[in-house]
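Encoded as structure tokens, the structure appears first; notes follow it.
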Amino acid sequence: MPNQTASRPAYEIPAHFGAAAHAALDADRAARDQLARAMLVTTAAAVRDILTGHEPDAPFDASAVELIEGEGSALFPTGRYWTPAGVERTFTDTVGLAEAGNGIHGMSEWTAYLDDSNRNVWGPLCAELPNRDRRPAWALDLLRAAALKLDDPGARKPGEMVEVMVCANDRDRYPAVVDPDDQRDGHVRPWFDLDTVREIAATSQAEATEYGHGSVDTVHMVEGTVDGTEHAVVMVVCWMNLGGEKRERAVEILQPNTDGRYAVGGHDWQWYALDGQLNPQIPFRP
């Protein structure tokens, strides 16, 4: 029986699923990183408790502790540690065999959460050591580990704007600020300063003259001074709406945000962010 060409695709996947997948991956990565920071602080606390007999205010002399990679890349303590002067010691030497064994067993419950999935967090806090029993070994800086915060200090706060170049037609690129959380199907809502709005206005009006007003939304600016204060009115005209039922929405007056920026086109123009090589980022991930 001859093959027949399908009349339509077997199934369709909504476009926004890609953005949702990336958002889920970002959330998963953030959770793993936060878990790693929590386990590093807990590891530093465990070393302190072993050496002080669970007396947090008692003095102790550990500044680094050895961890080795086990099967599956998880880290485990050996009981070897170093003082700030670089003197090598072991838990057994300091607190005895039984206490050291119990302490190492307890620490392992926490360090086992440090592995390849969050190496980007614990790796910078470790110095590489010669292999132990053919396993990679590391010296964890306990002072830096103890100072970690649960939240990533470099993480962007919700609603915080980031600077980026944007484009909507594969040709014209403009500087803007965007909220990475404010995306629709991977497209961003850029906010432009007045100089950039003037540039967008000139470009849109030139395109309307060349290709016809029915195919281009145009941006217009009216500037004036009232009581010694300069003001600007930014308008977007959707010419296709002028003669139809949507004529009341044909002209939109844009309101500036608190920084005096305007969201020209919003999501409707399908602006997309560009990376450092000016390649599209859909969805945008700072």
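The values are calculated or read from the model by the stated rules, or taken from the named source; none is laboratory data. For clarity, every value in this text was computed on a predicted model and none was experimentally measured. As a convention, Cβ positions derive from the backbone with ideal geometry for all residues, glycine included, and neighbour counts pool all protein chains shown. Side chains are part of the model used for accessible areas, which takes the heavy atoms of the whole protein and leaves out ligands, DNA and RNA. Shrake-Rupley method; radii C 1.70, N 1.55, O 1.52, S 1.80 Å.
List of remarks:
- Where N is the number of residues in region 62-101, Cα Rg divided by 2.2 N^0.38 Å: 1.26
- Amide H to amide H distances under 5 Å link THR78 with GLU66, ILE68, where only residues 5 or more positions off or on other chains count and H is placed in the peptide plane.
- Accessible surface, 1.4 Å probe, highest first, among residues CYS238, CYS167: CYS238, CYS167
- Rounded if a/c under 1.5, otherwise prolate or oblate - region 173-286, Cα gyration tensor axes: oblate
- Modelled FRET efficiency - R0 35 Å, THR209 with GLN277, Cβ distances, 0.05 increments: 0.60
- Using a simple spin-label model with pseudo-atoms 7 Å out from Cα toward Cβ, ALA112 and ALA58 lie 2.7 nm apart.
- Three semi-axes describe the equivalent ellipsoid of region 78-156; taken as square roots of 5 times the Cα gyration tensor eigenvalues and ordered largest first, they are 24, 15, 14 Å.
- For the chain, the equivalent ellipsoid built from the Cα gyration tensor has semi-axes of 59, 26, 14 Å, listed from largest to smallest.
- Spin-label pair MET165/THR42, simplified geometry with 7 Å Cα→Cβ offset, distance in nm: 4.5
- LEU25 exposes around 100 Å² of accessible area when a 1.4 Å probe is run over every protein chain in place.
- Across the accessible surface of the chain, with the other protein chains kept in place and a 1.4 Å probe, carbon and sulfur atoms take up 51 percent.
- Across region 44-50, coupling constants 3J(HN,Hα) worked out from phi with the 6.51/-1.76/1.60 Karplus curve, θ = phi - 60°, read 4, 5, 5, 4, 4, 5, 4 Hz, and Gly and Pro carry x.
- Modelled label reach - ALA98, point 7 Å along Cα→Cβ, region 78-92 residues with backbone N closer than 15 Å: 92
- Sequence-separation-based contact order of the chain, relative, with Cα cut under 8 Å and 6+ spacing, percent: 16
- In this structure the chain gives 62 Å² per residue of accessible area when probed at 1.4 Å with all protein chains present.
- Solvent-accessible surface ranking, highest first, for ASP49, ASP170 at 1.4 angstrom: ASP170, ASP49
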